[in-house]
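A short write-up of the structure that comes next.
The values are calculated or read from the model by the stated rules, or taken from the named source; none is laboratory data. The model shown is predicted, which means the values in this text are computed figures rather than measured ones. Here the Cβ positions follow ideal geometry from the backbone for every residue, glycine too, while neighbour counts run over all protein chains shown. Only protein heavy atoms, including side chains, enter the accessible area calculation; ligands, DNA and RNA are left aside. Shrake-Rupley method; radii C 1.70, N 1.55, O 1.52, S 1.80 Å.
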Amino acid sequence: MATRLRSKSFQHSLFFSVGIVFLLFVFCFMVYQYRREKEYKIDVIHSRLQMYNYEMAQTLGSRLLDDASFRRYVGQAHIHGLRVTVIDTLGRVLLDSRERDVRLMGNHRQRREVSAALHGGNGFDIKRLSQSTHDTYFYSATRIDSIAPYGSVVIRTAVPYSAELTRSLAVDYTYILPIIAIALLLGIVLYRSTSRISRHIGILKEFARKAEEGKEIDHEIEQRLPDDELGDISHNIITLYWKLRHSEEEKTLIKRQLTQNAAHELKTPAASIHGYLESIIDHPEMPEEKRRQFLERCYAQSERMNRLLLDMSALTKLDELGECLPQRGKGDTRQYVDIAAVVKSVLADTALQLGERGITADIHLPEHPVVAGDSSLIYGIFRNIIDNSIAYAQGATHISVTGRYIAPHSSNGKDICRGCYAFSVSDNGCGIEPQHLERIFERFYRVDKGRSRKLGGTGLGLAIVKNSVIAHGGTVHAELTPGGGLTISFTIEE
């Protein structure tokens, strides 16, 4: 009865533990789905307004700042309640479709959508109250360059929060019902699985108790085992017990045979040494040449005995370790690696992908850049960075690999640098927004989740780069390439 009760307790603990983890997973998934759905719908509206902004800039061109042309174009829009504002880089309002006297409007530089557009090209703000019209709007701003005489301006469109827009931004909750149904189904499966595991544990506990008490174990226990994978494992455990129990005599016999074999192997060299030494002692008048011959034979037999003892010691250690033989640990596995050869190998391996994207590559490395490290890890550093550029540097036409040597130097008697090579891999693609630079080496961090998933990005390549660089005593960081693109720089100790 105690075994049954404790088995039931285990079942309940396992069921509730796994169930709580599963419910947390479902909850997190629902929150994630909600946020993703919300972000998607916001992105759809933002993209439409961005398209309107670009079309306005392209259509009006140099007439963008002409009040009549501006108002005529806005008036032709088929968007209910649309409001358009043109703002310069200092945040001053140049034109507004609702306000005639723009001087009454405050400075807009610190508005969230305007600030984001000035720094990143576009931005949006959700459900903010307008200070001039006192209506709630969805704002979308776009930076337009080469507009004389201001150089760059920001076109900001806004749509009021009507019932239609609210419905457009509302999250569709229909995904919750199938998730709940799946959760209930998995809960039933989990309960049945934990019940079966609990039954197996109860049988094994009964078997262990009888074995510990030395009671006779009948085969009725084996017959109660279910016919499944867990039953097979339990059957193997019981079978193993019987084999171990019946192998005690075999172990004793094996030990006896081992002792006999060791004695036999050691007996021959020991007897030979004894015989030769006895001959030397009993015949002091023995010729020097023969005496030397006997001593050499004694030495040879002692060498043989020594080898036998060493082999026996090694066998003993192997027996103690069983199958858990010591693996090569964290010892020095480094080797001298030619960086130029590694980079050329990476570019050769990625030549097909580079050609398909129309990307050229060049190498600017110091003469004979050789470091001490793991060649496979160093190859992985360059390969992951170049693969990342090929996959995500949209519009890139060129990749450059550069390097320089940094000599050892110190300050106040302390080593600042022990001598290292600094490398950079740059592309001239679209780059990334500055706020992502500090996080791209995190695991699963994706700058653009949708695009990364389509490309089969995983979000781990640069994390591997960081760990590999740190393993070689270096540091790694990312920065925007002047003129556009991304540069990843790192060091490797000499």
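Taken as a whole, the structure leaves Ala396 outside the set of residues that are open to solvent by less than 60 Å² (accessible area, probe 1.4 Å) and either modelled with pLDDT of 90 or more or assigned to a helix (DSSP H, G or I) (or both).
Listed by first and then second residue, the pairs linking a residue in region 182-193 that is of a type outside the set (D, E, K, R) to a residue that is assigned to a helix (DSSP H, G or I) and open to solvent by 80 Å² or more (accessible area, probe 1.4 Å), with Cβ atoms under 8 Å apart and 6 or more places separating them unless they lie on different chains, are Ala183/Leu23.
Among residues of region 422-445 that are closer than 16 Å to Ala463 by Cβ, those with a Cβ under 7 angstrom from a residue that is at pLDDT 85 or above and open to solvent by 70 Å² or more (accessible area, probe 1.4 Å), sequence gap 6+ or separate chain, pair up as Leu437/Glu479. Only residues that are in a helix (DSSP H, G or I), within 26 Å of Arg100 (Cβ to Cβ) and acidic (Asp, Glu) were counted in region 34-68, giving 2. Of the residues making up region 102-113, at least one is in contact with a Lys or Arg (Cβ under 8 Å, 6 or more places away or on another chain), touching a residue at least 40 places away in the same chain (Cβ under 8 Å) and not in a loop (DSSP other than H, G, I, E, B). With respect to (1) within 26 Å of Asp135 (Cβ to Cβ); (2) at pLDDT 85 or above; (3) surrounded by 12 or more Cβ atoms within 10 Å (Cβ to Cβ), the lone exception for Arg63 is condition (1). Taken together, the residues in region 320-359 that are open to solvent by 80 Å² or more (accessible area, probe 1.4 Å) and modelled with pLDDT of 85 or more amount to 5.
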